[in-house]
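Okay, so here's the structure we're looking at.
Where a number appears in this text, it was derived from the coordinates with a stated rule and is not lab data. Not measured: the values here are computed from a predicted model. Cβ: placed from backbone, ideal geometry, glycine included. Neighbour counts: every protein chain shown.
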Amino acid sequence: MFVSETKIRVRYAETDQMGYVYYGNYAQYYEVARVEALRDVQLTYKMFEEQGIMMPVLHLSCKYIKPALYDDLITVKTTIKKLPGIRIEFFYELFNEKGDLLNQGETTLVCIDMKTNRPCQAPSNLLAALSPYFN
């Protein structure tokens, strides 16, 4: 199992009139954490695209437990529980500085061959980078 943690400071523009993070912004937090998790194993979306593979989001789910507030420093724990195949699943848990669980989410991305616009297997460099976490 691969686990990564990313810190994000809640900006004023991300909050609603109550001072809570607007619900639509959680998808952006997931994306930031997903990109940083890949960076933790020296990979980027740009590398995959240069290899001719794009990874659009196929599924997103989000469970709101407690509100994140303006200026909170949020820790996003990103977990990959199994090696990717055609799809890669990311699981997220967001915590405030007190350690309170605020939000849980999941995204499923699908690997697409950019030439054929058809699903394909995960890139070999992604599998090589993640394999040590599953042995």
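Fully extended, how many nm does the chain gain between residue 71 and residue 7 (0.36 nm per residue separation, minus their Cα-Cα distance)?
21.8 nm
Measuring from label point to label point, each 7 Å out along Cα→Cβ, what is the residue 115 to residue 47 span in nm?
For residue 115 paired with residue 47, the spin-label model returns 2.2 nm.
What is the sum of charges, Lys and Arg at +1 and Asp and Glu at -1, for the other residues whose Cβ falls under 15 Å from the Cβ of residue 75?
Cβ neighbours under 15 Å give a net charge of -2.
Please identify the chymotrypsin sites (Phe, Trp or Tyr not before Pro) of the stretch 1-45 that satisfy two criteria: DSSP loop assignment and at most 15 other Cβ atoms within 10 Å. Which are they?
22
To the nearest 20 debye, what is the magnitude of the charge dipole of the chain about its Cα centre, counting +1 on the Cβ of each Lys and Arg and -1 on the Cβ of each Asp and Glu?
320
What ranking do 51-60, 88-97 get when scored by the average of other Cβ atoms within 10 Å per residue, highest first?
Sorting 51-60, 88-97 by mean packing, highest first, produces 88-97, 51-60.
Could you give the semi-axes, largest first, of the ellipsoid that matches the chain, computed as the square roots of 5 times the alpha carbon gyration tensor eigenvalues and rounded to whole Å?
Here the semi-axes work out to 29, 16, 12 Å.
Taking Cα atoms, how many degrees apart are the long axis of helix 26-40 and the longest axis of the chain, rounded to 10 and kept between 0 and 90?
On a 0 to 90 degree scale, this one is about 50.
Within the stretch 58-92, find all residues whose amide N lies under 13 Å from a label point positioned 7 Å from the Cα of residue 17 along Cα-to-beta-carbon.
Nothing falls inside the zone, counting backbone N under 13 Å.
Determine the sum of side-chain charges near residue 15: Lys and Arg each +1, Asp and Glu each -1, restricted to other residues whose C-beta is under 15 angstrom from that of residue 15.
-1
Quick check: the distance between the Cα centres of the stretch 1-42 and the stretch 104-121, to the nearest angstrom?
So the two Cα centres are separated by 21 Å.
Could you work out [θ]222 nm for the chain from helices alone, using -39500 (n - 2.57) per DSSP H run of at least four and dividing by all its residues? Round to the nearest 500 deg cm²/dmol.
The helix contribution divided over the chain gives -6000 deg cm²/dmol.
I need the trypsin sites (Lys or Arg not before Pro) found in the stretch 1-90, filtered to DSSP loop residues with at most 10 other beta carbons within 10 Å of theirs.
Listed in order of number, the matching sites amount to none.
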